[in-house]
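Q: Here it is, the structure, as structure tokens.
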RNA sequence: GGGCGUGUAGCUCAAUGGUAGAGCAGUGGCCUUUUAAGCCAUUGGUUCAGGGUUCGAGCCCCUGCACGCUCACCA
């Protein structure tokens, strides 16, 4: 915390609204007039504020001064006063606070106002006795809700008990032309209560800055998101992982079954793909001796959007030499519990009305057993797509004809298992044909050592014992090429360089991928991915 | 892509096919310790866009756009 300011002498260069004695108006700004804003018109409310800007400039005041003189956040100012009050030595706490003007109650020769900064709010108290008629009038006439201002004065407690700044000087820091959408805020027990607020989701996402400015709980979601990513890094860093960055623009995409975005490099005259996963590049690094690597970054998938899908999303992947999927499973429980504890301070949270407990160990469900119990179908007894499709039809299901066996199984677990996994659950041992990068089980070549983690009925992560046999890997690529030949965009392209890397020798390893957005949804209680993305994808606006 | 729904003042929302309204915000006035401040007065509209039906459309019909829910798609 910075020390309280005890003197006003340092404020000789203070941009004074009070006296109108600020420096020269910047860049001819004094002669700016009400200009058309592109093709848009200012609305009536904005025109009033634009006129205020013009008036301020004409009088020699700068509505957008270059520097501020803030010494304390709102919370620091209040804490400093309360500490002095508790010490009882009568120390005067002088502060300069800055922030957005969020409430304004002018009462004749008195003004109460609140400013809000990153730490919260503090009340400003302005009285004609200290400021004079002219300054008080300027505060009322020149300033509007939403403006950024700074105010200097001594901390004190009002009659009704609120720790406030008794303002001796104030300055406009940045004029807001467009009024914030919130109609009115009330502070009850330190909580901001909005009585009418911006709620239209389209406006909230398109103008996220306005949403953030007026909805504190939205800011909180993104603070939590930052903490989650911090905690993930800490967990892996503490375990001797190296954070790396691999190409987003890739000549050959891979590592997942998804349609890519295609772009074009003009000079190289070459198509490039935005990555759909990090996997193949990260595993190359294991060949190079970086035995534990992770990356947190963006993946891009050219597919439908939904409450849990956005075209670009944040992924964590890590690869760990000499580990297998059971080790990764255990680390996953530990990692999520660690993050949850760090971010929420406990191992439980509420999601979609359900209390979720991430305390290890998590429930583990064998995929084949799980499907037998949920559907009565034993996939081991249906070794072909035809036999499995017949078994599904025999139970009244209506699968799309001609799907590969793996796709059918994937559909079954999506329909009958995933929605039931509310509490943290690992589903493990997947069919080989939907897992072309995972290693087969030693005693069952049709099944691979792979698991997915589910929470809240939602897939959270995917991991396996990584395939490191270049002969097997080449065969899988060829199989996938055939399997997906009809669905051209989704086929796995042969990545010769990846195979070349593997031929140098890749240590056995376990790999892990997780949707960071979905983890954020869980830990912030949001049901749609858009609420945890600062700028979710929207269609182009048609105005 | 399919189905259902929504779109009205800066924000949140009303309005049987018959003069488009309220609260908040804004503007003007009163008020020296307020807490969604209060009281008085008052401004503010291409009813998403474009067609159509009708004497008359915010409302009914058609087309388009955006958003929401849902299905499909989706390691």
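The values are calculated or read from the model by the stated rules, or taken from the named source; none is laboratory data. For clarity, every value in this text was computed on a predicted model and none was experimentally measured. No Cβ is skipped: glycine too gets one built from the backbone with ideal geometry, and neighbour counts run over all protein chains shown.
Q: Take the residues of region A:502-531 that are assigned to a strand (DSSP E or B) and within 11 Å of RNA strand B (Cβ to nearest atom): which is surrounded by the most Cβ atoms within 10 Å (Cβ to Cβ)?
A: The qualifying residue surrounded by the most Cβ atoms within 10 Å (Cβ to Cβ) is A:511.
Q: Go through (1) within 27 Å of residue A:343 (Cα to Cα); (2) more than 9 Å from RNA strand B (Cβ to nearest atom) for residue A:201 and report which single condition fails.
A: (2)
Q: Then there is this: Picking from A:82, A:51, which residue would you name as being within 16 Å of RNA strand B (Cβ to nearest atom), more than 25 Å from residue A:123 (Cα to Cα) and assigned by TED's automatic domain parsing to the domain that holds residue A:144?
A: A:51
Q: Can you tell me which condition residue A:247 does not meet? The list is (1) surrounded by fewer than 19 Cβ atoms within 10 Å (Cβ to Cβ); (2) closer than 28 Å to residue A:456 by Cα; (3) under 23 Å from the mean Cα position of the chain (by Cα), and all the others hold.
A: Only one criterion is unmet by residue A:247, namely (2).
Q: Which of the following residues is under 27 Å from residue A:478 (Cα atoms), more than 16 Å from RNA strand B (Cβ to nearest atom) and modelled with pLDDT under 90: A:446, A:384?
A: One residue alone meets the criteria, A:384.
Q: Hey, any hits in region A:291-304 for a residue that's touching a residue at least 12 places away in the same chain (Cβ under 8 Å) and assigned to a helix (DSSP H, G or I)?
A: No, because not a single residue in region A:291-304 is touching a residue at least 12 places away in the same chain (Cβ under 8 Å) and assigned to a helix (DSSP H, G or I).
Q: With the checklist (1) more than 20 Å from residue A:523 (Cβ to Cβ); (2) in a strand (DSSP E or B) in hand, flag the one item residue A:318 doesn't pass.
A: Looking at each condition in turn, residue A:318 falls short on (1).
Q: Can you find a residue in region A:180-189 that is outside the structural domain of residue A:85 (by TED's automatic domain parsing), farther than 30 Å from residue A:44 by Cβ and modelled with pLDDT under 95?
A: Yes: one or more hits.
Q: Return the residues of region A:443-461 that are farther than 14 Å from residue A:336 by Cβ, touching a strand residue (DSSP E or B) at 6+ places or on another chain (Cβ under 6 Å) and surrounded by fewer than 24 Cβ atoms within 10 Å (Cβ to Cβ); say none if nothing qualifies.
A: A:447
Q: Here's something else I'd like to know. Looking at region A:284-301, which of its residues are surrounded by fewer than 17 Cβ atoms within 10 Å (Cβ to Cβ) and out of contact with any strand residue (DSSP E or B) (no Cβ under 8 Å at 6 or more places or on another chain)?
A: Listed by number, the residues that qualify are A:288, A:289.
Q: Out of (1) touching a strand residue (DSSP E or B) at 6+ places or on another chain (Cβ under 8 Å); (2) loosely packed, with under 14 Cβ neighbours inside 10 Å; (3) in contact (Cβ under 8 Å) with a residue 24 or more places away in the chain, the odd one out for residue A:260 is which?
A: Checking residue A:260 against (1) touching a strand residue (DSSP E or B) at 6+ places or on another chain (Cβ under 8 Å); (2) loosely packed, with under 14 Cβ neighbours inside 10 Å; (3) in contact (Cβ under 8 Å) with a residue 24 or more places away in the chain, the one that fails is (2).
Q: To continue, here is another question. Determine which member of the set A:152, A:157, A:140, A:102 is touching a residue at least 12 places away in the same chain (Cβ under 8 Å), within 13 Å of RNA strand B (Cβ to nearest atom) and touching a helix residue (DSSP H, G or I) at 6+ places or on another chain (Cβ under 8 Å).
A: Only one candidate passes the filter, namely A:157.
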